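Taking it in order: structure first as structure tokens, then the write-up.
The values are calculated or read from the model by the stated rules, or taken from the named source; none is laboratory data. Source: prediction; values computed, not measured. Positions of Cβ are generated from backbone atoms using ideal geometry, with glycine treated the same way; all protein chains shown enter the neighbour counts.
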């Protein structure tokens, strides 16, 4: 009984990973594949760099969404028409915005986003260091013993 369970689990893992291939099985359907191996390789390279707008952080190459299929076909159409990789990416960015790229470019407005996170980290680290250094410096030590006046006042308050 345990052997059957183990065999079923091993089969499920093998099927989920595409028969031993690293990662999940890709979503590219046979009818999408181009006849020219060089163009197909370029298409696969491009679709791995594109974000599926339905699945969010999954590449178009891995997504099973209908929109991802449409993008894969669009990339292949543009390549067949003779566009370069940069022209295909520019076309898609013009049409869908820069969010379609899995790795956005570090220029223009995006540069603010790329720089702001490390800058905020450095600012927080600096603020923490200043706080800890100021905390370490203590004001003048208070006298450890009460003066005679303070003792008399304390006795008066305590009712002794």
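Surrounded by 12 or more Cβ atoms within 10 Å (Cβ to Cβ) and within 30 Å of residue 41 (Cβ to Cβ): is that true of residue 66 in this structure?
no
Working only within region 52-92, note down all residues that are over 18 Å from residue 29 (Cβ atoms) and at pLDDT below 90.
Looking only at region 52-92, we keep the residues that are over 18 Å from residue 29 (Cβ atoms), and these are 53, 56-57, 78, 81-92.
Matches in region 52-92: 53, 56, 57.
Out of the residues in region 86-105 that are over 18 Å from residue 33 (Cβ atoms) and more than 22 Å from the chain's Cα centre (by Cα), which is surrounded by the fewest Cβ atoms within 10 Å (Cβ to Cβ)? Working first, answer last.
Looking only at region 86-105, we keep the residues that are over 18 Å from residue 33 (Cβ atoms), and these are 86-87, 89-105.
From what is left, the residues that are more than 22 Å from the chain's Cα centre (by Cα) are 86-87, 90-91, 94-95.
Values: 86: 8, 87: 13, 90: 12, 91: 14, 94: 10, 95: 10.
Per the criteria, the residue is 86.
Could you list, in sequence order, the residues of region 100-135 that are assigned to a helix (DSSP H, G or I), modelled with pLDDT of 85 or more and under 19 Å from residue 49 (Cβ atoms)?
Correct list: 100 only.
Considering each residue of region 71-99, count those that are within 14 Å of residue 46 (Cα to Cα), outside any loop (DSSP other than H, G, I, E, B), free of Cβ contacts under 8 Å to residues at least 12 places away in the same chain and out of contact with any strand residue (DSSP E or B) (no Cβ under 8 Å at 6 or more places or on another chain), and give that number.
Of the residues in region 71-99, 4 are within 14 Å of residue 46 (Cα to Cα), outside any loop (DSSP other than H, G, I, E, B), free of Cβ contacts under 8 Å to residues at least 12 places away in the same chain and out of contact with any strand residue (DSSP E or B) (no Cβ under 8 Å at 6 or more places or on another chain).
Residue by residue through region 1-50, note down the ones that are touching a helix residue (DSSP H, G or I) at 6+ places or on another chain (Cβ under 7 Å), within 18 Å of residue 102 (Cβ to Cβ) and either assigned to a helix (DSSP H, G or I) or modelled with pLDDT of 90 or more (or both).
Once the filter is applied, which keeps residues that are touching a helix residue (DSSP H, G or I) at 6+ places or on another chain (Cβ under 7 Å), within 18 Å of residue 102 (Cβ to Cβ) and either assigned to a helix (DSSP H, G or I) or modelled with pLDDT of 90 or more (or both), region 1-50 yields 42, 43, 46, 47, 50.
If you scan region 55-69, which residues turn out to be more than 16 Å from residue 93 (Cα to Cα) and within 21 Å of the chain's Cα centre (by Cα)?
Within region 55-69, 55, 57, 58, 61, 62, 63, 64, 65 qualify.
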